[in-house]
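These notes are about the structure you will find just below.
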Amino acid sequence: MKILVAEDENISRMVLEASLKKRGHEVVGLENGLKAWEAFQREYFPMIISDWLMPEMDGPALFRKVRSVPRENYSYLVLLTSLEGKTNYLEAMNAGADDFITKPFDADELTARVQVAERILGLHRHVNQLEGLLPICCSCKKIRDGQDNWQRVENYIEIHSEARFTHGYCPQCCEKWMNSNSDPEK
Amino acid sequence: MNENALCKKTLQSLKELGSETGPSFFSELLGVFQQTAVEHLAVLRLAIAGGETERLSREAHALKGASLTIGATGMAEICKQLENLAHAQSLEGAPEALACLDREFARAQSEIEQESMIA
């Protein structure tokens, strides 16, 4: 995975870069939020690990910028922090952070958090595929699959996702059914 | 003080990290740390002399991060004290803490030299 690292402190950045490279990731390490923002505008990074306090642009400001760009692909944002406290945690979450790593980081913890990022990014890709344009019949609401077959929505979703349906009636249909004394689907 | 200035366990894990990423990584890291620490110490001195608490806080915070990463826990602790003083807008005891930090850095440097000889 291609990871963008923004950290002004040389030693932490060197160790973080080496740790991620050792695990097979491609790393672009930059020394402040502004440079990271410029790099992000040039290309997509699935994961960004950023320090909180940095000159030019700090971590939360970088994350707010990244989140302000409408992109099809999601970027998983992790904030490095040695600060504690609920207020800071909430500020970072509001800026768009997905996760936190406390400095100095533990190698196993870093591996675990990158794995979580990969899992979440995988789910996002899957959701994107499901959310892509699907041809649907205006009348019966069947969906046309890749083989040109028209399928009921529930069949299509069951085939293309882990979701399963339990059948029932919504309150409106139920009321209609009670009034007409017939099956709401008919 | 009978403890090492540098945590042996941290140094070992950094050495292992270097053995897989590049032969010069560990010595390069120690070199960058020494250079960085010298720069931070100089700015800390200026900040204390000039009574600039914001600058003191920023520099102490940065050196604390670098020290913790390399395993210089004693240095990190003194940096934390300086950071706390800066947050409290007080420089009382800051010159003494800085002198301690200088001594702790000298100890760390001599241990780095030993490490370099082993490496």
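Checking A:Pro70, A:Pro60 one by one, the residue that is within 22 Å of the chain's Cα centre (by Cα) and in a helix (DSSP H, G or I) is A:Pro60 and no other. Might you check whether a residue that is part of a helix (DSSP H, G or I) and surrounded by fewer than 18 Cβ atoms within 10 Å (Cβ to Cβ) occurs anywhere in segment A:132-148? No, that holds for no residue.
Residues in segment B:64-101 that are among the charged types (D, E, K, R) and surrounded by 14 or more Cβ atoms within 10 Å (Cβ to Cβ): B:Lys64, B:Glu77, B:Lys80, B:Glu83. Within 14 Å of chain B (Cβ to nearest Cβ) and farther than 22 Å from B:Leu17 by Cα: is that true of A:Asn73 in this structure? So A:Asn73 fails the test. Quick check on segment A:21-34. Is at least one of its residues touching a residue at least 24 places away in the same chain (Cβ under 8 Å), farther than 16 Å from A:Phe105 by Cα and among the small types (Gly, Ala, Ser)? Looking through segment A:21-34, at least one residue is touching a residue at least 24 places away in the same chain (Cβ under 8 Å), farther than 16 Å from A:Phe105 by Cα and among the small types (Gly, Ala, Ser). Pull out all pairs, ordered by first then second residue, where Cβ-Cβ is under 6 Å, the residues are six or more apart or on different chains, the first lies in segment B:25-50 and is not aliphatic (A, V, I, L, M), and the second is not in a helix (DSSP H, G or I). Taking only residues 6 or more apart or on different chains, the pairs are B:Ser27/B:Ala119.
Residues A:Ile120, A:Ile49: which one is crowded, with 18+ Cβ neighbours inside 10 Å and in the same structural domain as A:Arg13 (by TED's automatic domain parsing)? It is A:Ile49.
The values are calculated or read from the model by the stated rules, or taken from the named source; none is laboratory data. Please read these numbers as outputs of a predicted model, since none were measured by experiment. For neighbour counting, all protein chains shown are included, and Cβ atoms are generated from backbone atoms with ideal geometry for every residue, glycine included.
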